[in-house]
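Please treat every number below as a calculation from the coordinates, not as lab data. Just so it is clear, the model here is predicted, and its values are computed rather than measured. Reconstructed Cβ throughout: ideal geometry from the backbone, glycine too, with neighbour counts over all protein chains shown.
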Amino acid sequence: MTLDVAWLLPWLDRFLWALARVSGLCLLAPVFGASVIPMRVRLGVVVVLSLVLAPLASTAPDVLDPAGMLGLVGQIVIGAATGFVLKLVFDAVQFGGGLVGQSMSLGFAEVVDPQAGGSANVLGQFYLVLVTLVFLAMDGHLRLIGLLADSFTSLPPGGPALDANGLHAVLAFGVQLFGGAVRVALPAMTSLLVVNIGFAAISRAAPSMNLFAVGFPITVSLGFIALWLSLRSLPGAFAALQGDAWGLMRRLLGG
């Protein structure tokens, strides 16, 4: 059995083009780039996706040429920008959960964040786990793979990478990190604001009362009730943030 090098080299080019874009995406995208997943598993996912998507990639220019090497860097940037946009949505929800925790006087309650490698508010991590499960239940990971597969047709490898307008759109989308956090946390924070206003009125009526000893357990108890009631609005807020993110990702990938 002889190996046809003339057939192998074009296939290797296609694989490298797909590998560059897929690796950039999996570097920052939620779920795919989770640090809690072993490195070998993540590497296997990247290689398998690249093998599946390699037939969709073009072979021009040659990856061994200087233009081809620059093109590979551009493909990594395209994938990383796409994954970063989706990551901002999850960070916005996590930030909103942290705001709820601060309103409940649970700002001191922190857990280890395996994503960032540090500590994070416990309610922020709770919200992050919830939206991750919602994302997987809605087949968001399959939708992301489908969008990546379509991008090899709408934005063929070897063509122009992200321009200044695309990078500016990604940076401008960072505003969603704060706007989305407020959207997620607003129902619970509004309820807790009413509670704090009530404590302010009590402190004026009875200045000698120790509000810290009385108000802390009441704030935490009512905060959990407000949290439970506000969870109904979490899927809607997350879906709205996702809609904006999918629209931007399609524009970045030429869709």
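Quick notes on this one:
- Computed from phi, the 3J(HN,Hα) profile of segment 139-156 under the Karplus parametrisation 6.51, -1.76, 1.60 (θ = phi - 60°) reads 6, x, 5, 6, 5, 5, 5, x, 5, 5, 5, 5, 5, 6, 8, 6, 9, x Hz, with x in place of Gly and Pro.
- Using 0.36 nm per residue and subtracting the Cα-Cα separation, the extra length available between Ile202 and Ala137 on full extension is 18.8 nm.
- A crude spin-label estimate for the pair Val52 and Val36, with each label 7 Å from Cα along the Cβ direction, gives 2.3 nm.
- Three-way shape label, segment 134-242, alpha-carbon gyration tensor, a/c 1.5: prolate
- The modelled label-to-label distance between Phe178 and Leu43, using points 7 Å beyond Cα along the C-beta direction, is 4.1 nm.
- For Ala240 and Val220, the difference between the fully extended length at 0.36 nm per residue and the C-alpha to C-alpha distance is 4.3 nm.
- When you restrict to C-alpha pairs under 8 Å that are six or more residues apart and normalise by the size of segment 154-255, the relative contact order lands at 53 percent.
- Computed E for Arg232/Ser154 - FRET, C-beta separation, R0 45 angstrom, nearest 0.05: 0.75
- Gyration tensor verdict on segment 5-252 (Cα atoms; rounded if a/c is under 1.5, prolate if a/b is larger than b/c, oblate otherwise): prolate
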